[in-house]
Amino acid sequence: MAKIVLPRNPQKILELAQKITDKHVADGGSSPLAPIITGDIQQIITDGLQLNNLADELEKQMEKAYKDRDAKVNEALKIIKRSRDLLKGIYSDNLKQLGDYGFTVNN
């Protein structure tokens, strides 16, 4: 028996919905989908495609923001490590004083 494969990707789902709608419209009154496809299907597809495009754009912005953030975090971490190392030398007799700078000092 043949298996009908449905897409899982949102873009592909909306594209398939558009193809089904286009065929339904082309068939006119003889379309077997008349009881299923309502007048608001085109708005659903249009809105879905717009939201999918927005989501894709936001995902790209998010990826860039994470990349930029990670670069800044790495810069900050370098400063933190250098600060820790310098303070360890200055306060080698009492490392608990690094706690005054926000470091957690375990025994």
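Screening Gln97, Gln50 for residues that are farther than 30 Å from Pro10 by Cα, surrounded by 10 or more Cβ atoms within 10 Å (Cβ to Cβ) and of a type outside the set (D, E, K, R) leaves exactly one candidate, Gln97.
Considering segment 34-49 alone, what residues qualify as being closer than 10 Å to Ala17 by Cβ, modelled with pLDDT of 95 or more and β-branched (Val, Ile, Thr)? Talk me through it step by step, then tell me what you get.
The first filter runs over segment 34-49 and keeps only residues closer than 10 Å to Ala17 by Cβ, leaving 37, 41-42, 44-45, 48-49.
Next, from what is left, pick out any that are modelled with pLDDT of 95 or more: 44-45, 48-49.
Ile44, Ile45, listed by residue number.
If I filter segment 66-94 down to residues being in contact with a helix residue (DSSP H, G or I) (Cβ under 8 Å, 6 or more places away or on another chain) and part of a helix (DSSP H, G or I), which single residue comes out as surrounded by the fewest Cβ atoms within 10 Å (Cβ to Cβ)?
My answer is Lys88.
Contact map, segment 46-65: residues that are in a helix (DSSP H, G or I) paired with residues that are open to solvent by 100 Å² or more (accessible area, probe 1.4 Å), Cβ distance under 7 Å, separation 6+ or inter-chain. No pairs are found.
I need the full set of residues from segment 1-40 which are part of a loop (DSSP other than H, G, I, E, B) and touching a helix residue (DSSP H, G or I) at 6+ places or on another chain (Cβ under 8 Å), in order please.
First, pick out the residues of segment 1-40 that are part of a loop (DSSP other than H, G, I, E, B): 1-9, 31-40.
Across segment 1-40, the qualifying residues are Leu6, Pro7, Ser31, Leu33, Ala34, Ile37.
Do you know which residues across segment 18-47 are aliphatic (A, V, I, L, M) and open to solvent by 80 Å² or more (accessible area, probe 1.4 Å)? Scanning segment 18-47 gives Val25, Ala26, Ile36, Ile44. Being at pLDDT 95 or above, under 30 Å from Phe103 (Cα atoms) and either open to solvent by less than 80 Å² (accessible area, probe 1.4 Å) or among the basic types (Lys, Arg) (or both) is a property that Asp56 lacks.
The values are calculated or read from the model by the stated rules, or taken from the named source; none is laboratory data. All values derive from a computational prediction rather than experimental measurement. With ideal geometry, Cβ positions are generated from the backbone for all residues, glycine too; neighbour counts draw on all protein chains shown. Please note that ligands, DNA and RNA were not included when accessible areas were found on the heavy atoms of the full protein model with its side chains. Shrake-Rupley method; radii C 1.70, N 1.55, O 1.52, S 1.80 Å.
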